[in-house]
Amino acid sequence: MLPGPMPRETLACLLDLDIPVQFIHGNGDREVLAQMMGTETGWYRNAPEQWREPVRWTAQQLDTDHQRLLAGWPATCRVEIRGLGEALFCHATPRNDTDCFTRLTPEDRLVPIFEGVNVPMVICGHTHMQFDRTIGRVRVVNAGSVGMPFGEPGADWLLLGPGVQLRHTPYDLAHAAARIRGTPYPQAEDFAARNVLQPPSEAETLQAFARAELK
């Protein structure tokens with residue numbers, strides 16, 4: 001969820017939903033929280049400034065209540081889903097929030113990571129690209145991304161129970177881009193152009209992730 005150009009508004013919207021909500025943290029949330037706590041992580045020390053700047057800015061927009069909220073988010077959670085059984089939710093893989101894999105990553109690299117989860121299904125994100133594949137005996141589904149999809153512009157999300165539905169919802173992209181450009185986010189113009197109006201294609205992204213995926 002974090003970093004991003006409207007962090008307070010996004011958190012407020014999610015917390016105001018009139019349905020039960022559970023959160024887990026991802027690598028971006030974790031890095032923003034570390035900045036809020038005055039901790040310099042290894043990632044922050046080594047990342048290029050263009051990646052560090054949004055993390056630093058986002059941390060500055062949030063207050064101590066947000067800090068307590070983020071600090072309470074677990075890395076994973078398990079949810080019983082009607083028609084599907086128990087599912088484990090994680091950001092990247094069950095072992096950490098930074099492992100990178102896609103629908104093309106060879107299964108033999110992934111089986112050791114997923115074979116001990118003891119659930120029939122794992123729901124993940126991190127790479128911002130939807131997929132539904134089987135790794136060993138575990139069905140692994142990537143929900144994609146609402147705000148930063150890689151592929152077709154719009155919101156990618158996942159509906160679970162009693163089946164598995166990978167969803168894509170169009171919305172007013174121009175209006176969203178204008179709202180982003182109207183924020184003081186340090187990379188607002190680039191975010192609006194490259195993450196909302198014309199995201200990188202799936203082919204481009206798969207090629208880029210091939211260099212970073214699990215070996």
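The values are calculated or read from the model by the stated rules, or taken from the named source; none is laboratory data. Only a predicted model underlies this, so the values are computations on that prediction, with no experimental measurement involved. Neighbour counts run over all protein chains shown; Cβ positions are idealised from the backbone, glycine included. Calculation scope for accessible area: heavy atoms of the full protein, side chains included, ligands and nucleic acids excluded. Shrake-Rupley method; radii C 1.70, N 1.55, O 1.52, S 1.80 Å.
Tabulated data for the structure shown
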| quantity | calculated |
| --- | --- |
| Beta bridge orientation in the chain: antiparallel %, DSSP, nearest 5 | 70 percent |
| Distant-in-sequence amide H partners of L2 (H built 1.01 Å from N, under 5 Å) | D29 |
| In Hz, Karplus ³J(HN,Hα) per residue of the stretch 16-33 (6.51, -1.76, 1.60; θ = phi - 60°; x = Gly, Pro) | 8, 4, 8, 9, x, 10, 10, 10, 10, 9, x, 5, x, 4, 5, 5, 5, 4 |
| Mean Cα-pair separation over length for the stretch 45-163, i.e. relative contact order, pairs under 8 Å, 6 or more apart, % | 19 percent |
| Built amide H within the under 5 Å cut-off of C77, gap 5+ | F89 |
| Net lengthening on full extension, I19/E40 (0.36 nm per residue, minus Cα-Cα) | 4.0 nm |
| Estimated inter-spin distance, A71 and A47, nm [label 7 Å along Cα→Cβ] | 2.1 nm |
| Vicinal HN-Hα couplings computed from phi for the stretch 114-124 (Karplus, 6.51 cos²θ - 1.76 cosθ + 1.60; Hz; Gly/Pro x) | 9, 5, x, 7, 6, 9, x, 9, 10, 10, 9 |
| Cβ crowding within 10 Å averaged over residues, with 71-84, 149-162 ranked highest first | 149-162, 71-84 |
| Contact order normalised by residue count of the chain, Cα under 8 Å, 6+ apart, percent | 17 percent |
| FRET efficiency for V111 and Q207, using Cβ-Cβ distance with R0 set to 22 Å, rounded to 0.05 | 0.35 |
| Fraction of accessible area attributable to carbon and sulfur, the stretch 1-110 (%, probe 1.4 Å) | 50 percent |
| Surface accessible to a 1.4 Å probe, per residue, for the residues of the chain, Å² | 54 Å² |
| Gyration tensor verdict on the stretch 1-100 (Cα atoms; rounded if a/c is under 1.5, prolate if a/b is larger than b/c, oblate otherwise) | oblate |
| Amide H within-cut-off set for F131, under 5 Å, with H built and near neighbours excluded | N142, G144 |
| Cα gyration tensor shape for the stretch 22-69, rounded if a/c is under 1.5, else prolate or oblate | prolate |
| Backbone HN-Hα couplings from phi across the stretch 85-102 [Karplus 6.51/-1.76/1.60, Hz, Gly and Pro as x] | x, 7, 10, 9, 9, 8, 7, 10, 9, x, 8, 6, 9, 10, 4, 10, 8, 10 |
| Rounded, prolate or oblate (a/c below 1.5 giving rounded, otherwise prolate when a/b exceeds b/c) for the stretch 70-156 by Cα gyration tensor | rounded |
| Hydrodynamic radius of the chain per Kirkwood, over alpha carbon pairs, in Å | 18.3 Å |
